[in-house]
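This report concerns only the one structure given below.
The values are calculated or read from the model by the stated rules, or taken from the named source; none is laboratory data. Please read all numbers here as calculations on a predicted model, not as lab measurements. Accessible surface areas use protein heavy atoms only, side chains included; no ligands, DNA or RNA. Shrake-Rupley method; radii C 1.70, N 1.55, O 1.52, S 1.80 Å.
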Amino acid sequence: MQHVAEVALKAGKTPEAARHFLEGQDYQRSAELFEQVGMLADAAGAYEAAESWAAAGGVYIRAGHKDLAAQCYERANDPETAAKLYEE
(Lines give C-alpha, C1' and ligand atoms only; values in the text may rest on other atoms or scores of the structure.)
Protein backbone atom coordinates (compact mmCIF):
# COMPACT_ATOMS: atom_id res chain seq x y z
CA MET A 1 0.00 0.00 0.00
CA GLN A 2 2.78 2.43 0.82
CA HIS A 3 4.21 2.25 -2.68
CA VAL A 4 0.79 2.78 -4.28
CA ALA A 5 0.19 5.71 -1.93
CA GLU A 6 3.52 7.31 -2.82
CA VAL A 7 2.81 6.94 -6.55
CA ALA A 8 -0.61 8.56 -6.14
CA LEU A 9 0.93 11.37 -4.11
CA LYS A 10 3.59 12.06 -6.73
CA ALA A 11 0.85 12.15 -9.36
CA GLY A 12 -0.91 14.88 -7.41
CA LYS A 13 -3.76 12.62 -6.33
CA THR A 14 -3.64 13.58 -2.67
CA PRO A 15 -7.05 12.22 -1.56
CA GLU A 16 -6.33 8.90 -3.26
CA ALA A 17 -2.90 8.77 -1.64
CA ALA A 18 -4.44 9.51 1.75
CA ARG A 19 -6.87 6.61 1.32
CA HIS A 20 -4.01 4.26 0.43
CA PHE A 21 -1.99 5.38 3.45
CA LEU A 22 -5.10 4.77 5.57
CA GLU A 23 -5.49 1.27 4.14
CA GLY A 24 -1.81 0.64 4.83
CA GLN A 25 -2.35 1.76 8.43
CA ASP A 26 -0.13 4.82 8.14
CA TYR A 27 -2.80 6.79 9.93
CA GLN A 28 -0.74 9.86 10.74
CA ARG A 29 0.35 10.38 7.13
CA SER A 30 -3.18 9.77 5.93
CA ALA A 31 -4.58 12.30 8.40
CA GLU A 32 -2.09 14.96 7.36
CA LEU A 33 -2.93 14.51 3.69
CA PHE A 34 -6.69 14.53 4.25
CA GLU A 35 -6.29 17.70 6.30
CA GLN A 36 -4.14 19.28 3.60
CA VAL A 37 -6.95 18.94 1.04
CA GLY A 38 -9.71 20.03 3.42
CA MET A 39 -11.24 16.60 4.01
CA LEU A 40 -11.54 17.37 7.70
CA ALA A 41 -13.86 14.59 8.87
CA ASP A 42 -11.64 12.00 7.16
CA ALA A 43 -8.55 13.64 8.66
CA ALA A 44 -10.00 13.59 12.16
CA GLY A 45 -10.94 9.93 11.81
CA ALA A 46 -7.42 9.08 10.70
CA TYR A 47 -5.94 11.04 13.63
CA GLU A 48 -8.21 9.01 15.91
CA ALA A 49 -6.94 5.79 14.34
CA ALA A 50 -3.41 7.05 15.04
CA GLU A 51 -4.50 7.77 18.63
CA SER A 52 -3.53 11.40 18.16
CA TRP A 53 -6.48 12.47 20.25
CA ALA A 54 -5.75 16.19 20.57
CA ALA A 55 -5.06 16.52 16.84
CA ALA A 56 -8.32 14.69 16.10
CA GLY A 57 -10.18 16.98 18.47
CA GLY A 58 -8.80 20.11 16.84
CA VAL A 59 -9.74 18.93 13.37
CA TYR A 60 -13.22 17.87 14.50
CA ILE A 61 -13.73 21.40 15.85
CA ARG A 62 -12.78 22.86 12.47
CA ALA A 63 -15.15 20.38 10.81
CA GLY A 64 -17.99 21.54 13.07
CA HIS A 65 -18.25 18.32 15.11
CA LYS A 66 -17.85 19.61 18.65
CA ASP A 67 -19.35 16.48 20.20
CA LEU A 68 -16.72 14.26 18.56
CA ALA A 69 -14.04 16.81 19.42
CA ALA A 70 -15.06 16.68 23.08
CA GLN A 71 -14.75 12.88 23.11
CA CYS A 72 -11.26 13.13 21.63
CA TYR A 73 -10.16 15.71 24.18
CA GLU A 74 -11.41 13.41 26.93
CA ARG A 75 -9.18 10.66 25.52
CA ALA A 76 -6.32 13.18 25.33
CA ASN A 77 -6.75 13.69 29.08
CA ASP A 78 -7.86 17.30 28.61
CA PRO A 79 -11.10 17.38 30.60
CA GLU A 80 -11.31 21.20 30.65
CA THR A 81 -11.43 21.47 26.86
CA ALA A 82 -13.81 18.51 26.66
CA ALA A 83 -16.18 20.06 29.21
CA LYS A 84 -16.14 23.40 27.40
CA LEU A 85 -17.03 21.68 24.11
CA TYR A 86 -19.83 19.67 25.71
CA GLU A 87 -21.28 22.92 27.10
CA GLU A 88 -21.29 24.48 23.64
Taking only Cα atoms of the chain, the Rg to Rh ratio with Kirkwood Rh works out at 1.07
What is segment 47-88 by shape, rounded, prolate or oblate, if you read a ≥ b ≥ c off the alpha carbon gyration tensor as root eigenvalues and call it rounded for a/c under 1.5, prolate for a/b larger than b/c, and oblate otherwise? oblate
For LEU9, the accessible surface traced by a 1.4 Å probe with all protein chains present amounts, in square angstrom to the nearest 10, to 50 Å²
Give me the Kirkwood hydrodynamic radius of segment 19-63, using the inverse of the mean 1/r over all pairs of distinct Cα atoms, in Å to one decimal. 9.6 Å
How far, in nm, would the chain grow between ASP67 and ALA11 when pulled straight, counting 0.36 nm per residue and subtracting the alpha carbon separation? 16.6 nm
Percent carbon-and-sulfur accessible area, the chain, ignoring ligands, DNA and RNA, probe 1.4 Å: 48 percent
Rounded to the nearest 500, what is the 222 nm mean residue ellipticity of the chain from helices alone, with -39500 (n - 2.57) per DSSP H run of 4+ residues and division by all residues? -22500 deg cm²/dmol
Accessible surface, 1.4 Å probe, highest first, among residues TYR27, TYR47: TYR27, TYR47
Accessible surface, per residue, of the chain when the full set of protein chains is kept, probe 1.4 Å, Å²: 57 Å²
Output wanted: per-residue J couplings in Hz (rounded whole) for segment 51-68, from phi through Karplus 6.51 cos²θ - 1.76 cosθ + 1.60, θ = phi - 60°, x for Gly and Pro. 6, 9, 4, 5, 4, 4, x, x, 6, 4, 4, 4, 7, x, 10, 5, 5, 5
A correct Karplus calculation of ³J(HN,Hα) over segment 14-23, with 6.51 cos²θ - 1.76 cosθ + 1.60, θ = phi - 60°, whole Hz and x for Gly and Pro, returns 4, x, 5, 4, 4, 5, 5, 4, 4, 4
For LYS13, list the aspartates and glutamates whose Cα falls under 15 Å from its own Cα; do not include residues on the same chain fewer than 8 positions away. GLU32, GLU35
